[in-house]
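See structure below.
The values are calculated or read from the model by the stated rules, or taken from the named source; none is laboratory data. Keep in mind it's a predicted model, so treat the numbers as computed, not measured. Cβ sites come from the backbone with ideal geometry, for glycine too, and all protein chains shown count toward neighbours.
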Amino acid sequence: MAITMARVARDHHPDIGILTIDPITGVGDRQFEATDAIVSAIHVDVIGTNYYPHTARTSLVKVLMATWQRYRKPIMVSETSWHDGHPIHHRRHPGLNKGTWLRHVIEQVDIARFHGANIVGICWYPIVDCPPWHAPQSRSRWSHGLIRKDLSVDPWLSAELERATIRDAA
């Protein structure tokens, strides 16, 4: 389906960019099967890697370097976030919060760039707290966005985004 959609998009809009998005959380060949199929069938401009603290099985640097070495295409951390209430996040990364997780991701990207990987961006997903996947009509919200369910702004993530923006502007 993804290959067909990309072909149709390119047929109608030849200059459109194609970004893959895949939960590449490890570095073994099985992790790359879906992306390999897409990349072998169509021209892909950017390889997306989703990296979450509860699914990651190795460091983000290793994931980014393995992805870079495999495809030699620009890479984007296409999804990452921190869920305040997720017990696995806190067990694997004690003491972190949304802001410190983002800082960790940025530091990992910086290391991969230092080693030659072309990383073109990071996407925090979702930007607003959202209902659980299994209950989309629920009034409860998972706490992983910049904008909380009460419409306030998460102070830790906001501060880290500001710090990163100032750093990148310098």
Next item on the list: For the range 118-146, name all the residues that are of a type in the set (A, V, I, L, M) and closer than 20 Å to PRO53 by Cα.
Entry: ILE119, ILE122, ILE127, VAL128, LEU146
Note to self: Go through the range 155-170 and report how many residues are touching a residue at least 40 places away in the same chain (Cβ under 8 Å) and of a type in the set (A, V, I, L, M, F, W, C).
What the structure shows: 5
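Let's see how each residue does on (1) without any contact (Cβ under 8 Å) to a residue 24 or more places away in the chain; (2) surrounded by 15 or more Cβ atoms within 10 Å (Cβ to Cβ):
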| residue | (1), (2) |
| --- | --- |
| GLY121 | no, no |
| TYR125 | no, yes |
| ALA135 | yes, no |
| ARG148 | yes, yes |
| VAL153 | yes, no |
Next item on the list: For ARG91, indicate whether it is touching a residue at least 12 places away in the same chain (Cβ under 8 Å) and among the basic types (Lys, Arg).
Entry: no
Next item on the list: State which residue is modelled with the lowest pLDDT when the search covers only the range 65-116 and only residues that are among the small types (Gly, Ala, Ser) and over 24 Å from VAL39 (Cβ atoms).
Entry: GLY85
Next item on the list: Could you run through the range 38-75 and say how many residues are assigned to a helix (DSSP H, G or I) and either within 23 Å of ILE88 (Cα to Cα) or in contact with a Cys (Cβ under 8 Å, 6 or more places away or on another chain) (or both)?
Entry: 5
Next item on the list: Run ALA2 past the list (1) under 18 Å from ASP110 (Cα atoms); (2) touching a helix residue (DSSP H, G or I) at 6+ places or on another chain (Cβ under 9 Å) and report the number of the one that doesn't hold.
Entry: (1)
Checklist line | Candidate set: the range 28-55, residues that are aliphatic (A, V, I, L, M) and over 17 Å from SER78 (Cα atoms); chosen: the one surrounded by the most Cβ atoms within 10 Å (Cβ to Cβ) | finding: ILE42
Next item on the list: Scan the range 102-113 and give yes if some residue there is part of a helix (DSSP H, G or I), in contact (Cβ under 8 Å) with a residue 24 or more places away in the chain, among the small types (Gly, Ala, Ser) and touching a Leu at 6+ places or on another chain (Cβ under 6 Å), otherwise no.
Entry: yes
Note to self: Take VAL61 and tell me if it is buried (at least 20 other Cβ atoms within 10 Å of the Cβ) and of a type in the set (A, V, I, L, M).
What the structure shows: no
Check: Somewhere in the range 141-163, is a residue modelled with pLDDT under 95 and on the phi > 0 side of the Ramachandran plot?
Finding: yes
